[in-house]
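Below: one structure, written as structure tokens.
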Amino acid sequence: MALASIKVEGPVLAEGQSSLSGTMKARTLQLGAYFYRISSDYRGSKLVASSGRQTIAADISWIMGAGVHGQTYILENMTGKKRNVYESEVSNFALHGMDVTPGHALVEAGNLKNALGERLSTSAAARCFGCHTTYSSTNSKFDVSRAVPGVHCEACHGPGVDHIEAIKTGQIEEAAKAILNPAVLNPVDSVDFCGACHRTAIDVVESEVSYGPMNVRFQPYRLEKSRCWGSRGDERLTCIACHNPHEVLIREASSYDRRCLSCHAPQGKSHPTGAAPICPKAGTNCTTCHMPKYDVPGMHAKFTDHFIRVVRADESYPN
Ligand code: HEC
Ligand code: HEC
Ligand code: HEC
Ligand code: HEC
Ligand code: HEC
Ligand code: HEC
């Protein structure tokens, strides 16, 4: 597998730059038996791991993650004629700086060849690039040289060639048919659509790390556990009811209230038949109490629980 020269999903960390989006911290780390640092010059950046006596390095060929919470490196080096691809042992966290990549174990002394990270099989790399880049697979064949960093229009809307062609020739109706508009999906399919990357219940079953607060990042799985969701879902509660994938994430809790109040009668109003129950506690900022934020172990960040519910003070994380 040939990885192209450095491609960055998010902002580049230039050598000597101590802050990324103002918050990226240290770029060196002692982790178990190894000392890690990023070294950069005009040719690009490398991750270097050193045990004091021995050193191993690999090119950082891709940086995964826009950096809201953190970034992990895809590394490449050669042993003889064999190209090795790794997920880096260390990641850079927005609120913390460098630390071990979530899910990785500490590498024991004397195991230099594993110190850089976890070797990625072609299928693992294909999955990683499939969620974090666009165009990495054509006709189901993984070809990293075509990948473009980040999630672009065609990652969600499918290939646009026929669509553009139809627009150019003035066939507007044909053009609309030639591209996927996810707005037409039913609620379950709509959530599964985002779940292709954001992960659904199946991913919880299939992944060994996904019980406990780790799965708070699997929003489709969490959301569908909510009693609000019902058994077949509701278009007032799909991902796109609350999030516009074309715009930045809204952080003011109050702006989500109208979503809740599209089903729940507001406080003080008489309770219309068929409407969902009324909150006895508060009339605004619903998500702050009913969609609590959790620290995900090792992620150095809080994530929003999309399992909408009454949260009891003494409860442990409900799987
Ligand atoms: C092709 C994979 C993919 C699909 C499909 C996808 N996402 Fe994402 N989404 C990502 C990745 C990756 C990130 C993390 C940002 C990054 O590193 O680029 C993200 C981040 C987000 C964020 C957080 C943005 C922030 O600023 O923190 C929201 C909200 C989001 N996606 C909503 C959606 C919704 C809604 C859908 C369905 C309409 C969707 N996504 C479909 C891959 C995807
Ligand atoms: C099934 C899809 C999927 C796969 C596979 C996947 N990711 Fe992600 N990743 C996401 C989504 C969606 C997000 C954003 C939402 C979240 O953090 O829950 C994310 C977030 C991240 C972030 C934090 C991004 C930020 O902006 O804060 C990093 C770093 C990251 N992934 C690295 C990787 C690496 C490296 C691989 C492969 C070795 C990988 N991911 C595999 C879907 C995926
Ligand atoms: C993360 C997935 C995702 C990405 C990336 C994405 N879209 Fe969308 N797009 C959607 C979804 C879901 C809808 C339907 C829901 C809606 O209208 O909000 C949509 C709707 C649209 C519509 C409106 C169709 C209508 O009926 O009004 C247009 C136009 C559009 N997208 C263009 C783009 C363009 C151009 C890009 C790239 C700059 C892009 N989208 C990137 C998911 C995405
Ligand atoms: C009822 C409204 C609502 C629905 C439905 C919803 N979200 Fe969210 N989402 C939120 C809120 C509120 C936040 C937190 C915003 C903040 O405070 O930063 C959030 C945050 C996120 C984030 C940023 C990371 C985090 O955990 O804070 C991602 C990614 C995300 N949502 C994806 C999704 C996906 C995918 C779906 C569909 C399964 C979805 N959301 C459905 C309200 C919603
Ligand atoms: C599609 C309609 C709909 C939307 C949107 C919706 N809910 Fe609900 N919600 C319901 C229904 C219906 C019930 C009652 C389900 C039952 O009794 O089985 C419910 C139940 C609840 C409960 C009680 C759950 C429990 O575990 O006891 C809470 C809390 C709640 N909703 C809060 C919210 C909040 C907060 C929002 C917005 C973030 C929201 N809901 C959005 C329909 C909705
Ligand atoms: C300050 C925290 C807080 C806020 C903000 C809040 N709630 Fe609640 N809500 C609670 C608590 C606590 C309960 C459980 C009350 C009990 O069981 O005595 C509850 C209960 C509920 C219930 C279950 C009622 C029932 O009869 O089963 C619903 C539905 C609900 N809230 C919806 C909402 C909605 C919608 C909003 C925003 C308009 C909201 N909540 C804002 C704390 C809050």
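Within the stretch 69-94, residues that are outside the structural domain of Gly298 (by TED's automatic domain parsing) sit with their Cβ atoms under 9 Å from residues that are open to solvent by 10 Å² or more (accessible area, probe 1.4 Å) and among the aromatic types (Phe, Trp, Tyr), at 6+ positions apart or across chains, in these pairs: His69/Phe303.
Each row is one residue, and each column tells you yes or no for (1) under 24 Å from Leu95 (Cβ atoms); (2) at pLDDT 95 or above.
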| site | (1), (2) |
| --- | --- |
| Ser231 | no, no |
| Ala241 | no, yes |
| Gln267 | no, no |
| Ser270 | no, no |
| Pro277 | no, no |
| Asp295 | yes, no |
| Ala301 | yes, yes |
| Asp305 | yes, yes |
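Here is a check on your reading of the model: is Glu252 acidic (Asp, Glu) and over 22 Å from Phe193 (Cβ atoms)? Criteria met by Glu252.
Pairs are defined by a Cβ separation below 6 Å, a sequence spacing of at least 6 or placement on different chains, a first member in the stretch 258-270 that is assigned by TED's automatic domain parsing to the domain that holds Leu237, and a second member that is near ligand 5 (Cβ under 9 Å from one of its atoms) and not in a helix (DSSP H, G or I); the pairs so defined are Cys263/Ala276; His264/Ala276; Ala265/Ala275. Here the helices (runs of 4 or more DSSP H) wholly within the stretch 109-174 that include at least 1 residues being in contact with a Phe, Trp or Tyr (Cβ under 9 Å, 6 or more places away or on another chain) and at negative phi are 112-115, 122-132, 153-157.
Just give me the residues in the stretch 47-64 being over 19 Å from Thr122 (Cα atoms) and either crowded, with 19+ Cβ neighbours inside 10 Å or hydrophobic (A, V, I, L, M, F, W, C) (or both), in sequence order.
Leu47, Val48, Ala49, Ile56, Ala57
Just one of the listed residues (Ile250, Ile179, Ile202, Ile240) is in a loop (DSSP other than H, G, I, E, B) and either within 16 Å of ligand 2 (Cβ to nearest atom) or of a type in the set (Gly, Ala, Ser) (or both), namely Ile250.
Scanning the stretch 65-85 for residues that are aliphatic (A, V, I, L, M) and crowded, with 17+ Cβ neighbours inside 10 Å turns up Ala66, Ile74, Leu75, Val85. Between Thr284, Thr238, Thr288, the distinction of being over 28 Å from Pro102 (Cα atoms), surrounded by 13 or more Cβ atoms within 10 Å (Cβ to Cβ) and near ligand 5 (Cβ under 10 Å from one of its atoms) belongs to Thr238 only. Which numbered condition in (1) surrounded by 11 or more Cβ atoms within 10 Å (Cβ to Cβ); (2) within 16 Å of ligand 6 (Cβ to nearest atom) is the only one that Glu315 fails? Failing condition for Glu315: (1). Can you find a residue that is surrounded by 14 or more Cβ atoms within 10 Å (Cβ to Cβ) and in contact with a strand residue (DSSP E or B) (Cβ under 7 Å, 6 or more places away or on another chain) anywhere in the stretch 201-214? Taking every residue of the stretch 201-214 in turn, at least one turns out to be surrounded by 14 or more Cβ atoms within 10 Å (Cβ to Cβ) and in contact with a strand residue (DSSP E or B) (Cβ under 7 Å, 6 or more places away or on another chain).
Just checking, which of Ser136, Ser45, Ser39, Ser51 is touching a helix residue (DSSP H, G or I) at 6+ places or on another chain (Cβ under 8 Å) and over 26 Å from Ala196 (Cβ atoms)?
That would be Ser51, the only listed residue that is touching a helix residue (DSSP H, G or I) at 6+ places or on another chain (Cβ under 8 Å) and over 26 Å from Ala196 (Cβ atoms).
Here Ser88 clears all of (1) open to solvent by 30 Å² or more (accessible area, probe 1.4 Å); (2) under 27 Å from Pro213 (Cα atoms); (3) polar (S, T, N, Q) except the condition numbered (1). Could you tell me whether any residue of the stretch 293-307 is away from ligand 2 (no atom under 16 Å from the Cβ) and surrounded by 11 or more Cβ atoms within 10 Å (Cβ to Cβ)? No; the residues of the stretch 293-307 include none that is away from ligand 2 (no atom under 16 Å from the Cβ) and surrounded by 11 or more Cβ atoms within 10 Å (Cβ to Cβ). Scanning the stretch 91-126 for residues that are in contact with a His (Cβ under 8 Å, 6 or more places away or on another chain) and open to solvent by 40 Å² or more (accessible area, probe 1.4 Å), we see that the one that is modelled with the highest pLDDT is Glu118.
Against the test of being within 16 Å of ligand 1 (Cβ to nearest atom) and out of contact with any helix residue (DSSP H, G or I) (no Cβ under 9 Å at 6 or more places or on another chain), the options His243, His300, His271 yield a single qualifying residue, His300.
The values are calculated or read from the model by the stated rules, or taken from the named source; none is laboratory data. No experiment lies behind these values; they were computed from the predicted model shown. We place every Cβ from the backbone using ideal geometry, glycine too, and count neighbours over all the protein chains shown. These area figures cover heavy atoms from the full protein model, side chains too; ligands, DNA and RNA do not enter into them. Shrake-Rupley method; radii C 1.70, N 1.55, O 1.52, S 1.80 Å.
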